[in-house]
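Take a look at the structure below.
The values are calculated or read from the model by the stated rules, or taken from the named source; none is laboratory data. Only a predicted model underlies this, so the values are computations on that prediction, with no experimental measurement involved. We place every Cβ from the backbone using ideal geometry, glycine too, and count neighbours over all the protein chains shown.
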Amino acid sequence: MIRATCITVVIAASIWWNSALNGQIINPDKGFVFNDTSIPRIDITISEADLASLYEDPFSNTEYPVHFRISRDGIAEEVQNVGLRFRGNTSRGKQKKSFKVSFNTFVIGGNFHGLEKLNLNAETNDPSMMRSKLSWELFRYMGIPASRVNHVLLYINDNFFGVYINT
């Protein structure tokens, strides 16, 4: 009963927020980054020393410079001087880490397709890796403001790190 009440409150608040933002672009187009007709591959290249430092202190918010590349359907785009760090709280202690990719850390005003940041979520508490994707898509379908989301294949220094949720 409490769970149903909480869900109802969240949906009602989201609908109110949607009407409060009347006239703004609530759910922008998914574009190249979030298009989910195919699963894109994200390649991150980081120096071995920086990668070791990142893992030595997983609770640090220090961002390390990386080369970012995303490819799908034979099209690839790249960005240099991108920031990378772990994200999350308790999930930083898990084996599979979530990452924050920042396009404006080392380049003032930097962005990629209008995005300053990407969150690559490991979804360690959801073995199906579908709950958050389906929830965000349902909200968007209902006209409720929601993150754009898709699955991605993450490679760091040519090593496959797994399937991630990109938000």
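Output the residue which, of all residues in the range 51-88 that are part of a loop (DSSP other than H, G, I, E, B) and on the phi > 0 side of the Ramachandran plot, is surrounded by the fewest Cβ atoms within 10 Å (Cβ to Cβ). Out of the qualifying residues, it is 74. In the range 93-136, the residue that is surrounded by the fewest Cβ atoms within 10 Å (Cβ to Cβ) out of those that are at positive phi and in contact with a strand residue (DSSP E or B) (Cβ under 9 Å, 6 or more places away or on another chain) is 113.
For the range 46-97, which positions are among the hydroxyl-bearing types (Ser, Thr, Tyr) and touching a helix residue (DSSP H, G or I) at 6+ places or on another chain (Cβ under 6 Å)?
Listed by number, the list holds a single entry, 64.
Suppose we keep only residues that are of a type in the set (S, T, N, Q) and part of a strand (DSSP E or B) within the range 156-167. Which one would you say is surrounded by the most Cβ atoms within 10 Å (Cβ to Cβ)?
Keep residues of the range 156-167 that are of a type in the set (S, T, N, Q), which gives 157, 159, 166-167.
Imposing the further condition that a residue be part of a strand (DSSP E or B) reduces the set to 159, 166.
Numbers: 159: 8, 166: 23.
Among them, the one singled out is 166.
No other residue among 118, 153 is in a strand (DSSP E or B) and in contact with a helix residue (DSSP H, G or I) (Cβ under 8 Å, 6 or more places away or on another chain) apart from 118. Of all residues assigned to the range 90-101, none qualifies as being within 13 Å of the chain's Cα centre (by Cα), aromatic (Phe, Trp, Tyr) and more than 20 Å from residue 161 (Cα to Cα).
When we screen 145, 127 for residues that are at pLDDT below 95, touching a Leu at 6+ places or on another chain (Cβ under 8 Å) and not in a helix (DSSP H, G or I), the only hit is 145.
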